[in-house]
Amino acid sequence: LRTQHRRPYPDRGKPPPETPPEVERCHCPFRGDEFVILLQDLPADMETARQNCKTITDNLLSAVKEPVVIGDKHIKVGLSIGVTLTVDSHQRAETLLTEADQAMYNAKESGKNRAVFYEERISSSLES
């Protein structure tokens, strides 16, 4: 999973408040306001794995719907998520990050605050 999450509080090393527990244990900063979440031990069946990822991304999106309150300010947070799945344990990390990145930018272009799964057609349309 590749996420872009703008957090208005300074604690950059920890997940945002109310992060689902399955994400909290594998959350790591990537670049600036982007984070990579690596999920291991997903079911071998791709459709089941996809549904599990969808549940997690739905939980993440739900967790950031409410404004963050800092002092007397209510700050709205946005989240765009790109997801890529693989059954190939030898898949290069760079390839997976590129695919997740393409899906994340597709999520942004589709209106933000959503999750998009990488599909070959995303890659084709981005290269055109």
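Miscellaneous remarks
- Accessible area per residue for segment 30-112, computed on protein heavy atoms with a 1.4 Å probe, is 61 Å².
- Full-stretch length increase - residue 87, residue 33 - with 0.36 nm per residue and alpha-carbon distance subtracted: 16.6 nm
The values are calculated or read from the model by the stated rules, or taken from the named source; none is laboratory data. These figures come from a predicted structure and were not determined experimentally. Just so you know, the surface numbers come from the protein's heavy atoms only, side chains and all, with ligands and any DNA or RNA stripped out. Shrake-Rupley method; radii C 1.70, N 1.55, O 1.52, S 1.80 Å.
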